[in-house]
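Report on one structure; see the data block that follows.
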Amino acid sequence: MFKSKTTIVLGAGASAEANLPTGGQLIPIIRSLVSFRFEFGRLIGGDGHIWETINRHCRENGIDPNIYARGGNFIHEGLLFANSIDDFMDSHHSNEGVQLVGKLAILKSILEAERRSKLYFDPHQRQKPNLDSIGENWLLPFMRVLRQGVAIEDVSRLFDNITFVSFNYDRCLEHFLHYAIAAFFKGHQSPVDVAFEGFKILYPYGSVGPLPERRKPNVRSVEFGSVDLTIERAHGIRTYAEQFDSSSEIDAIHKAIEETETLIFLGFAFHEPNMRLLTKGKTKIRNVFATVQGVSSPDITVIERQVRNLCQSSVLTPINFLNGSCFSLFSEYQRSIAA
């Protein structure tokens, strides 16, 4: 169990350990999905599933589908020069064709990536997750820290001191925790339900939808890795400009950062817009742990300045940078993080 107030900020590198694509790896996938081309009115390029969803939306609402065909081709041509699909969509936030097509492409890419991930299993075939096969994934040493010192009778306190801020759209963390908690606290009548009453995860850019195990009122859930595209689900994805419309989510992120004592960045790229989103004012941060795998020394100096600006603490906050994986960070700093 985490003994101090802890916030874990998740970037694409955290989910990459479950075999999901990073922002850079997502670019060619998205470009291929949205390169709509037609021959005698028949689709011969781009993703048929996405185009069918768009066509249905256009028929029901009397919209010209060419708006979205052009939007897809704008993405295909321009995305090559962006850092990520989010970056491109933010630059074209007023283009409805780009926005809807981009969100549908993100939705399909992430759900298909969940299905191909090391965490996927088919619940309809009565399968269970094979946690032995996930390899060097930070979720395993994280779970060891999380459950340490928590008796089965106290499972309701499992998440007392921890908040997650996920800049990813996937649900790998929640999906894993459902089965890890059930396996470790076997014998408790309903350990997962009781534990998850205190689970806190914030998605500044939205997600592909709530898992069936964590369904929300009036919101349709979507199974892990189930590719079912709808316009409603696409609107669950938010761009940088749109996330400011979710003021309650942003306020909750600021409150978590303000109150946290230990701040952990996992697979996070430290893009300036995301750092600005996290920054609010004075904090109580006393320790920072961060992965900076493959980052040059000059860039680490820039990142350190960004993190210190975020902390704005009255004490000189130690920053522990690890040029390694998220798995390595939790393996090497397990005692420090737990304390």
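The values are calculated or read from the model by the stated rules, or taken from the named source; none is laboratory data. All of these numbers come straight from a predicted model, not from anything done at the bench. Cβ sites come from the backbone with ideal geometry, for glycine too, and all protein chains shown count toward neighbours. In case anyone asks, the SASA skips ligands and DNA or RNA and just uses the protein heavy atoms, side chains included. Shrake-Rupley method; radii C 1.70, N 1.55, O 1.52, S 1.80 Å.
A 1.4 Å probe over all protein chains sorts LYS280, LYS5, LYS128, LYS108 by accessible area into LYS128, LYS280, LYS5, LYS108, starting with the largest. Taking amide H positions as modeled 1.01 Å from N, with prolines and chain starts lacking one, the residues under 5 Å from GLY206 and 5 or more places away or on another chain are ARG238. For HIS178, the accessible surface of its heavy atoms amounts to roughly 20 Å² (probe 1.4 Å, protein chains only, rounded to the nearest 10). Computed over protein heavy atoms with a 1.4 Å probe, the accessible surface of the chain works out to 47 Å² per residue. Assuming charge only on the beta carbon of Lys and Arg (+1) and of Asp and Glu (-1), the dipole of segment 1-124 about its Cα centre is about 300 debye to the nearest 20. Here the 3J(HN,Hα) profile of segment 46-52, calculated from phi with Karplus coefficients 6.51, -1.76 and 1.60 at θ = phi - 60°, is x, 8, x, 5, 5, 5, 4 Hz, Gly and Pro shown as x.
Counting helices only, and only those DSSP H runs with n ≥ 4, report the 222 nm mean residue ellipticity of the chain as the sum of -39,500 (n - 2.57) divided by its residues, in deg cm²/dmol to the nearest 500.
Values: 16 runs with 154 residues, N = 339.
Helices in the chain give a 222 nm mean residue ellipticity of -13000 deg cm²/dmol.
Connecting C-alpha atoms closer than 10 Å in a GNM of the chain, tell me which of PRO273, PRO65, PRO298 has the biggest fluctuation. So, out of PRO273, PRO65, PRO298, the one fluctuating most is PRO298.
Excluding same-chain residues fewer than 8 positions from LYS118, which lysines have a Cα within less than 19 Å of its Cα? Result set, ordered by chain and number: LYS108, LYS128.
Each residue of segment 92-101 is assigned a 3J(HN,Hα), and the resulting list reads 10, 5, 9, 9, 4, x, 5, 5, 5, 5 Hz, derived from the Karplus form 6.51 cos²θ - 1.76 cosθ + 1.60 (θ = phi - 60°), x at Gly and Pro. If I build a Gaussian network model for the chain, linking alpha-carbon pairs within less than 10 angstrom, which residue out of PHE121, PHE40, PHE142 has the largest mean-square fluctuation? Result for the chain, Cα springs under 10 Å: PHE40 fluctuates most.
Pop out the carbon and sulfur fraction of the accessible area of the chain as a percent, whole number, probe 1.4 Å. Percent of accessible area from carbon and sulfur atoms in the chain: 47.
With a 10 Å cut-off between alpha carbons and a GNM built on the chain, which of ASN218, ASN168, ASN66 moves the most? Maximum among the listed residues: ASN218. Spin-label pair GLU153-SER35: with each label point 7 Å from Cα along the Cα-Cβ axis, the two points sit 6.3 nm from one another.
Only bridges whose two residues both fall in segment 144-298 count here: according to DSSP, what percent of them are antiparallel, nearest 5?
Values: 2 of 9 bridges.
Restricted to segment 144-298, the bridges split so that about 20 percent are antiparallel.
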